[in-house]
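Below is one structure, written out as structure tokens; the observations come after it.
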Amino acid sequence: MVKKVVIIGGGIAGIYVLRNLLARRDAVAEGLDLTLIKRERSGWVSTCGLPFALRGWYEIKRTEINEPKFFLDQGVDFRTETEVTRVSLDDKSITLVTGEELKYDYLVIATGRSPSVPDAVAETELDGVYTFNNEIDAEKIEAAMEGAKNAFVRGRGIIGLQAAVAFATRGLKTTVLGGPPSLLPSSLDPDMGDMVKKWLEEQHGIRFILERTEITAVKGEGGRVKSVVIGEGASAKELPADVVVIARGMKPNTKLAADAGIETGESGGIVTDSAMHVKMKGVRSYLHDVFSLGDCTEVIDAITHRPRLSQLASTVVVQAKVVADNILSDINAQPSLYSICEPCLSPTVAEIGGLLVGSVGVTSEMAARVGIKTMSGVATKLVKARYFPGAKPLTLKLLFEAYTHKLIGAQMVGESTVAERVNELELAIRAGMTAEEMRNTERCYDPSLSLLIDVTIDATEKAIGITPVY
Ligand SMILES: Cc1cc2nc3c(=O)[nH]c(=O)nc-3n(C[C@H](O)[C@H](O)[C@H](O)COP(=O)(O)OP(=O)(O)OC[C@H]3O[C@@H](n4cnc5c(N)ncnc54)[C@H](O)[C@@H]3O)c2cc1C
């Protein structure tokens, strides 16, 4: 009998489960009936490309990699501009906002996340105040930039900073509000975050307010935002703003799952096992036919072994492969197809106004929170021989567990060679490499591409108290 898979969500998570199943549907002798349901009008949009579209590098429309027709032509029941209002695990069905009920053999929950919006912003009906979550938000932000002079961004994470750079690049006077002490706190220690702040202040003229304060009022004229007020009482400040972006505190969208009795965890995300199966609240075993993945789902941190959120496209694509593997394994009763997600290291890389920022593993603060003692080394060095024109510096911070000397985190800021270093150091963490092993590792060399003694060796030696050889 044909097996019916229903996917709720058409972000990267839902789409990549669909893509994996489409690529391998021949593996199911009886056939697969695939349905995907999403709120947006689009097919598949590369959300990660939206900040660069706002900078004017290309049109927002170009981030739509596939239109709905692409999936409809492959026989997928691809439903856009609709919404699932209820999941019933008892009779294996979902209900749409239209009242239509769909049965499933396998259900995939990929409902994503939403920024947490301050009360004063939630209450406003003024135009020009938006979140930055998808292409619909990007279109509104782009329209609001027309003729605007002042921009205000709430959020000091990657999305907030990339939005700020887009505004500054388009000539808007831009202010970013975030908490202390520095930028990108979920991936960088304050000393590294300060380097990003300095760059954005000096290269892009962005102003930062890093205080424990909140937007307390949004004021406007003729239905459009004109200013925001931050703080209260005597310390309240009013700042001009023709466009406001809220990009902070991405909360997992779990209501649909929680209403169905599915368990959510301490991070706020849906709880799964390593094969991405969900479980009912208060029940120990996981459901073999219901999966959750993506930004609505909690992961286990590979270093702290605690649950947390990852909310990265790079995490999502791995989870999607695992979900597809396990649906096919279950249908075909083929245990060899069964796969699991490794605990998460969340490698990140971001281009923020010409500066490349990368990280993997834990920060000092994350390690301290769970009682892991660390030793760290920071080094700054050119990434190729100094006599080569255009040789740029890179600052690298490595964190080792103080007792075992194993690498547990890396952070870097520079103008090149960041993505490949993040991936290299992720492998080193997964391999359990110690500082001593890393110090004595051979590295490839050509003066036009690398240094004879790389910044990684310097940062490692500094962490173990050895003076690097220059
Ligand atoms: C601007 C921006 C830039 C980013 N850049 C990067 C990057 O460079 N690198 C990186 O690794 N990550 C990046 N990320 C993060 C990455 O995009 C997310 O991790 C990823 O998009 C999450 O995908 P998702 O499918 O889990 O969630 P979402 O993209 O939030 O998709 C959720 C989907 O669920 C649907 N949905 C929710 N509830 C319902 C319902 N009840 N009924 C029907 N449909 C529903 C929504 O309509 C949507 O289609 C970026 C994120 C943003 C916003």
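The table below gives the values:
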{"read-out": "Candidates per chymotrypsin sites (Phe, Trp or Tyr not before Pro) in region 262-350, loop by DSSP, up to 14 other Cβ within 10 Å", "value": "TYR338"}
{"read-out": "Diffusion constant of region 184-269 at 37 °C, which comes from Stokes-Einstein with the Kirkwood Cα-pair radius and 0.692 mPa s, µm²/s", "value": "199"}
{"read-out": "Convex hull of Cα atoms in region 23-166, direction-averaged projection (nm²)", "value": "11.8"}
{"read-out": "Percentage of interatomic Cα-Cα distances in region 101-234 larger than 27 Å", "value": "26"}
{"read-out": "Qualifying GluC sites (Glu not before Pro) in region 87-130, DSSP loop, other Cβ atoms within 10 Å at most 14", "value": "GLU100, GLU125"}
{"read-out": "At 1.306 mPa s and 10 °C, Stokes D of region 200-351 from Kirkwood alpha-carbon radius, µm² per second", "value": "84"}
{"read-out": "The chain pair-distance distribution - Cα-Cα, 10 Å bins, rounded %", "value": "4, 19, 26, 26, 19, 7, 1, 0"}
{"read-out": "Per principal axis, descending, Cα span of region 348-463 in whole Å", "value": "45, 33, 21"}
{"read-out": "Those chymotrypsin sites (Phe, Trp or Tyr not before Pro) in region 1-83 that DSSP places in a loop and that have at most 11 other beta carbons within 10 Å", "value": "TYR58"}
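Since every read-out is calculated from the coordinates, none of them should be taken as a lab result. What you see is a predicted model, and the numbers here were worked out from it, not measured in a lab. Positions of Cβ are generated from backbone atoms using ideal geometry, with glycine treated the same way; all protein chains shown enter the neighbour counts.
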